[in-house]
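The values are calculated or read from the model by the stated rules, or taken from the named source; none is laboratory data. Everything numeric in this text was worked out from a predicted model, so none of it was measured. FYI the Cβ positions are ideal-geometry reconstructions off the backbone, even for glycines, and counts take in every protein chain you see. For the accessible areas, the whole protein counts, side chains as well, though only heavy atoms, and no ligand, DNA or RNA atoms are used. Shrake-Rupley method; radii C 1.70, N 1.55, O 1.52, S 1.80 Å.
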Amino acid sequence: MPSGLIALLDDVAGIAKLAAASIDDVGAASGKAATKAAGVVVDDAAVTPRYVTGLSPSRELPIIAKIAAGSVRNKLVLILPVALLLTSFAPWAITPILMCGGTYLCFEGAEKLMEMFGGAGHGDAAPAAGDPAALEAATVSGAVRTDLILSAEIMTIALADVSDAPLLTQAGVLIVVGLAMTVAVYGAVGLIVKMDDIGLHLAERPSGAARALGRGLVKAMPVVMNALSVIGTFAMLWVGGGILLHGSHTLGLAWPAEPVEHLSHVVAEATGPLGAVAGWLTTAAISTVIGVVVGGVIAFALHQAMRLRKGAAAH
């Protein structure tokens, strides 16, 4: 065999080995990064079902599919290139940008909380009840906006874990984590919102146990969906407040992050075997309070500004 061809085959073999090693690196790093981002995935799964609460059952899965497609676009088309560019050229900008997103989550959560207690939302006029296409479009748009913030946090957590890796490895990890998290979140959401249909199917089975389980699922799902709607609202406040809390510490501010961390340690030490859970709950509760305060201030200011604007327009 000509020596030139042998050299070429050696080069190809070397490239193949490097590619295999790179794939192994991406796989290992993706698993590690995905584990660290799991907490945000739980929040995302809690937030999303509220967007299909009260809509036609026949449109639940199509709407979730549209939101999932929007989530993939958020992660791969918007966040991935921006994250890689910022990491390479302006890593200092990542935290402030995330904090802006966290502030938006606080605002959205506070708005939902106000609506729960009889307040009015600030947004555009709701689509007419007889216009399901407009309602569906508004639902998907709102869910995809919220997903953008949660996806940005997931991708940032993943990126932080591979910040020292080559650029291609970083990109590979973000793609794998982004797709895996989207499948995990929206697969779980789809299962949750169709659980009542599964219950109806089981209720028609010949087995008595299956029928009892089916009837239980049908009765339980309205309560579960209402609970998830409330949990989703508080998850937005919790995640948004947590982003602001950790972001302020990253920017060099000792308050309020360090007192909160100290209190969390004190609670953890005082509660013995439940210390880890109690400490985490302490931080989560304070993050939620921060989210309520920040979001409430912004929502109140916006409502006042809109009221003044309407008054000026009336005159």
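Assorted remarks:
- Per-atom-type breakdown for the range 239-289 gives carbon and sulfur 73% of the accessible area (1.4 Å probe, protein chains only).
- Once the Cα-Cα distance is subtracted from the 0.36 nm per residue extended length, the ALA220 to ALA285 segment shows a gain of 20.7 nm.
- The Cβ shell under 11 Å around HIS201 holds other residues with a net charge of 0, Lys and Arg each +1, Asp and Glu each -1.
- Segment ALA69-LYS310, extension gain: residue separation times 0.36 nm, minus the distance between their alpha carbons: 83.0 nm
- Solvent-accessible heavy-atom area per residue, rounded to whole Å², over the range 161-308 at 1.4 Å: 54 Å²
- Using a probe radius of 1.4 angstrom, the carbon and sulfur fraction of the accessible surface of the range 124-223 is 69%.
- Simple label model, 7 Å out from Cα along Cβ direction - ALA138 to ALA212, nm: 4.5 nm
- Relative to the current alpha-carbon distance between HIS265 and ARG145, full extension at 0.36 nm per residue lengthens the span by 39.7 nm.
- Computed FRET value (nearest 0.05) for LEU168 with CYS100, which takes r as the C-beta separation and R₀ as 25 Å: 0.30
- Within the range 159-183, backbone nitrogen closer than 16 Å to the virtual label 7 Å beyond the Cα of VAL77 toward Cβ: 179
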